[in-house]
Amino acid sequence: MNMQTMKSRRELLRSFGHMGIAGVSSALYPGWMPRLVFSPRYQNNAPGTRDVLVAIFQRGGMDGLNAVIPFGEGSLYYDRRPTIAIPEPDGSALAAIDLDGHFGLHPALRPLKDVWDAGSLALIHGAGSPDPTRSHFDAMEYMERGTPGDRSTSAGWINRHLLSAAWQNESPFRAVGIGAMVQGSLRGTSPALALQSIADFHLQGRDDQLEVVSRTMAGLYNISAPEDMLGTQASDVFDTVNLLSQMANLDYTPAYGVVYPESDFGAGLRQVAQLIKADVGLEVAAVDIGGWDTHESQGGAEGEFAGLLGDLGQGLAAFYADMQDYMSGVTVVTMSEFGRRVDENASAGTDHGHGNVMMVMGGGATSGMYGRWVGLDSDVLDDGALAVTTDYRDVLSEILIKRLGNSAMDQIFPGYSMNPLNIFQAR
Amino acid sequence: MQQFSRRDMLKLTGLAAVAASNVGWLAKVRAQEGTAQADPSWHVLSRVTWGPMAVDVERIQAIGAEAYIDWQLSPENIPDSGVDEWLSKFDYLAGTARGVYDRAYVDDYVYTVVPWQRIYRAAYSERQLFELMVEFWTDHFNIAAGDSMGEKIVDDREVIRRHALGNFRDLLFASAQSPAMLFYLNNAESVAEHPNENYAREVMELHTLGVNGGYTEADVRAVARALTGWTVADTANGAGSFYFDGSVHDYGEKQILGYVFPAGRGIEDGLQVLDILATHPSTARFIASKLARRFVSDQPPEDLVESAAQIFLNSGGDIRQTMRHILLSPQFAAAQGQKFRRPIDFMVAMLRALRPGLDFGNRPYLVWSLEDLGQLPYNWNPPNGYPDAAGAWLNTNGLLNRWNLALGFPYASEGWWDDISLNLNAVVPHAANANQLVANAVTAILGTPARLPREDFDLLSAFVADDGNPTIPLSEEARADKLPTLIGLLLASPQFQWH
């Protein structure tokens, strides 16, 4: 199967699909639309006292051993991956990029080397969920709930953070999930917004009926006193449309001539940057990047997996560059439901494993390799995979406490006891 | 291009909402939804069709709910000439597997035709319950078509449609040997030296036992070994059909779910695995709970799941008997209005309410709309299928997209899309005044005026009458001007989102 062809077909369909809608919206923006200054209640009510969190989920189980390569393991790594291993650093374009003499970045992550050199990229190897499941769906669900092995928790970990925070924020943009659905980590009683496209987020209809149609819809959904989940969502639609209509420039231009990758992931990060700069009260954004379930033909320094990493690395680096004047107040963290087996499989891919690499990017982080590396000796592997030596919540809890100002770990991660890695400076 | 430039020039444009603070005047005591009198036959139609049409209402009233369900449970006895005729435009869909693969390989158009025919069949097949079962199993045995739409077309025909109301064991065996599935979950490349566990895991977790169905990681590995060599013949060897390649099979002894598989066997290993899975009590429970979640409610009653699982087990996996049990159960009857329409449910219910003529043009608006709504058919990448429960679908952007589709689509009556023809006068009968027009429209879209609270009715009347007197005669011009948006408002209303 050819990933490239698949993508071009999909994007063909997609580009046609949006032509009519995106094309008209800004040109014919109705003149009567209110352009009020933001109500103070929508602003993060203690500006500058906490970071905005951008939580990135790599769906499918990223092969962390080929993203941040333990080339220093020698044959323990290279013999197990005869066709997909990434060559040791030798300065060439298709070899690992040395970080510390033992680990190296995949060449497709080259844009992140600048962030590493700037001192703002922390890498945590052997991170993951303590639950052993190798089911995508269980592993994702547990990770996003923040309670591995326990499904009885009623909401996602980010939602519980927002609920337990000492401050309030009524902005509909307080928590935003980029995409057609709200991510599991955001689900719960604290409202979260699903947002596909800022430019397209408005009611469509006849010019001469704009006002009466929105008034009638507001009435049909009784948005002034929502009675159920559907009414609440409808009310959020109106709040969101109103706020977005007030954003001075819907055609966002990134700073410093930065160009984001033309992918769903790149577009998602671009919109997060736009929302942060617009100061609409965003506290947490969740962005997904899929396609990591590389059971076959994953490739090495080039190929399918390299393409995925390229999108990830270019997207993150573009965000970092675009946001450089804001990065002291932004933390980006990546996670994936599990890593993959050390052994390459028969299809030149890799099967579900366990330990993985997490990345943290932000002004509050200090570059370095973190976690406890136990190596790839057969006797330390977990069912053929890198063992989990760092609970992913060790990374998240430190972010929550030092950067987001919420120490209510008993509510966000019930039953978990902390082992801080000291990645961050406190604000 | 033409439709869209017309759309630009005409009237589609950004429409911002009135500020929330400005709608205080709307504060009103809202009539309790769902107080509309229980209507058992409407409920049955809402769940065993993709949206009740007048002809369905007449039929169920004539023969009764049980006979109606039994009629729909025997699709082989229901002629479907309209769909057959429409599909004949795409004759390759029914052709040989080789022909389908070749066509999909050279013709990107196929990637649009296939979702389009999915929408069309759901909307216009006489075999409504059958099409709902096809949808259920398409999710259950999910395959993201990606680059292999040809294989998925054959899978849809030979696996899903052939067995949708048949026997689960047959369905499972057909799926396990379907080239589309063998490629999608990588079993086609699984060999003794390096087994690929993808299919082995998902066939237990998602297709049969369920994640808590009692298997271990060791079982996953052993099942992968048992299925080594289950692959797809190359073109020279048999035109892309299932093929057991004994040369790469793992002939060692295996232990699977408590059974010892002796060394030295070939394809029998995999056949026995599927047999064990098909008849396992965990499978009966898992399938029963998923059917009940789809057809009854997001939290199906435990006693119904139990009894349906028993029927499934005792009947040897007879899907028809299991469905009959669920649809005739008191728990089903008590679950009126409890299912939130997924995007495709919503779109198809809209089509059945409006009954537009659907041709096949170059720019199929409905296919793109469904993609915007997040449910393009055969395009869900992970193997668990599009989510069923409301929580996954009920979100801000999804709701806004739905409203925009509802408010825009009735304008097909003005010729906005080349491939859609719509006559609203055939949907909503003429009326003397605004109140009557709203009453007729509510009946057409929601079945009976009782389903819309009085306050909402008044809002719609005020819209039609321009806030004037809704009982004075309505001019033909005003009626034509208001009707498309009136219908759009009803399709976008809360009442239309549940069934």
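Going by the structure shown, is B:Ser413 modelled with pLDDT of 90 or more, surrounded by fewer than 23 Cβ atoms within 10 Å (Cβ to Cβ), touching a strand residue (DSSP E or B) at 6+ places or on another chain (Cβ under 6 Å) and among the polar types (S, T, N, Q)?
no
Among the residues of the stretch B:185-220, write down those that are under 13 Å from B:Lys254 (Cβ atoms) and either in contact with a strand residue (DSSP E or B) (Cβ under 9 Å, 6 or more places away or on another chain) or open to solvent by less than 10 Å² (accessible area, probe 1.4 Å) (or both).
Selection gives B:Ala200, B:Ala218, B:Asp219, B:Val220.
Give just the number: which of (1) in contact with a strand residue (DSSP E or B) (Cβ under 9 Å, 6 or more places away or on another chain); (2) surrounded by fewer than 19 Cβ atoms within 10 Å (Cβ to Cβ) does A:Thr253 not satisfy?
(1)
Enumerate the helices (runs of 4 or more DSSP H) found wholly within the stretch B:298-350, keeping only those where 2 or more residues are touching a residue at least 60 places away in the same chain (Cβ under 8 Å).
By residue number, B:319-327, B:330-333.
Considering the stretch B:457-499 alone, what residues qualify as being part of a helix (DSSP H, G or I), over 21 Å from B:Asn425 (Cβ atoms) and in contact with a strand residue (DSSP E or B) (Cβ under 9 Å, 6 or more places away or on another chain)?
B:Gln497
Table: residues versus (1) open to solvent by 10 Å² or more (accessible area, probe 1.4 Å); (2) within 12 Å of chain B (Cβ to nearest Cβ); (3) under 21 Å from the mean Cα position of the chain (by Cα).
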residue	(1), (2), (3)
A:Leu163	yes, no, yes
A:Gly184	yes, yes, yes
A:Thr216	no, yes, no
A:Leu220	no, yes, no
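At least 2 residues that are away from every other protein chain (no Cβ under 11 Å) in each: list the helices (runs of 4 or more DSSP H) lying fully within the stretch B:359-448 that qualify.
Per the criteria, B:424-427, B:434-446.
Out of A:Asn356, A:Asn345, I need the residue that is at pLDDT below 95, crowded, with 24+ Cβ neighbours inside 10 Å and within 25 Å of A:Arg80 (Cα to Cα). Which one?
A:Asn345
Give the residue, chosen from B:Ile256, B:Ile267, that is surrounded by 17 or more Cβ atoms within 10 Å (Cβ to Cβ), free of Cβ contacts under 8 Å to residues at least 40 places away in the same chain and not polar (S, T, N, Q).
Residue meeting the stated conditions: B:Ile256.
Might you check whether a residue that is assigned by TED's automatic domain parsing to the domain that holds A:His352 and at pLDDT below 90 occurs anywhere in the stretch A:227-234?
No: zero hits.
Take A:Asp325 and tell me if it is closer than 21 Å to A:Phe103 by Cα and open to solvent by 10 Å² or more (accessible area, probe 1.4 Å).
Taking the combined requirement at face value, the residue does not satisfy it.
Using beta carbons and a limit of 6 Å, which pairs, at least six apart or on different chains, have the first residue in the stretch B:123-137 and of a type in the set (Asp, Glu) and the second one not in a helix (DSSP H, G or I)?
Pairs found: B:Glu126/B:Ile78; B:Glu126/B:Asp80; B:Glu131/B:Ser125.
Which residues, taken from the stretch B:170-196, are away from every other protein chain (no Cβ under 14 Å) and either more than 27 Å from the chain's Cα centre (by Cα) or modelled with pLDDT under 95 (or both)?
Hits for the stretch B:170-196: nothing passes.
Tell me the residue from A:Asp150, A:Asp200 that is touching a residue at least 40 places away in the same chain (Cβ under 8 Å), within 22 Å of A:Gly60 (Cα to Cα) and of a type outside the set (Phe, Trp, Tyr), please.
A:Asp150
So how many residues does the stretch B:430-472 have that are of a type in the set (S, T, N, Q), in contact (Cβ under 8 Å) with a residue 40 or more places away in the chain and within 23 Å of B:Arg355 (Cα to Cα)?
1
Exactly one condition in (1) more than 8 Å from every other protein chain (Cβ to nearest Cβ); (2) acidic (Asp, Glu); (3) more than 18 Å from B:Leu407 (Cα to Cα) is not met by A:Asp200; state its number.
(3)
Do we find that B:Asp234 is in contact (Cβ under 8 Å) with a residue 24 or more places away in the chain and either within 21 Å of B:Asp170 (Cβ to Cβ) or open to solvent by 50 Å² or more (accessible area, probe 1.4 Å) (or both) in this structure?
no
Among the residues of the stretch B:335-357, write down those that are at pLDDT below 95 and either under 14 Å from B:Ile119 (Cβ atoms) or surrounded by fewer than 19 Cβ atoms within 10 Å (Cβ to Cβ) (or both).
Hits for the stretch B:335-357 are B:Gly337, B:Gln338, B:Gly357.
Picking from A:Arg151, A:Arg59, A:Arg134, which residue would you name as being within 14 Å of chain B (Cβ to nearest Cβ), among the charged types (D, E, K, R), under 30 Å from B:Tyr215 (Cβ atoms) and surrounded by fewer than 16 Cβ atoms within 10 Å (Cβ to Cβ)?
A:Arg151
Mind telling me which of the residues B:Ile326, B:Ile276, B:Ile311 ends up being modelled with pLDDT of 95 or more and open to solvent by 30 Å² or more (accessible area, probe 1.4 Å)?
Of B:Ile326, B:Ile276, B:Ile311, the one residue that is modelled with pLDDT of 95 or more and open to solvent by 30 Å² or more (accessible area, probe 1.4 Å) is B:Ile311.
Kindly indicate the residue of the stretch B:108-128 that is in a loop (DSSP other than H, G, I, E, B) and within 14 Å of chain A (Cβ to nearest Cβ) and also surrounded by the most Cβ atoms within 10 Å (Cβ to Cβ) among those meeting that condition.
So the residue we want is B:Asp108.
The values are calculated or read from the model by the stated rules, or taken from the named source; none is laboratory data. In this text the structure is predicted, and so the values were computed from the model without any measurement. Note that each Cβ is placed from the backbone with ideal geometry, even for glycine, and that neighbours are counted across all protein chains shown. Heads up: the accessible areas ignore ligands, DNA and RNA and are worked out on the full protein's heavy atoms, side chains in. Shrake-Rupley method; radii C 1.70, N 1.55, O 1.52, S 1.80 Å.
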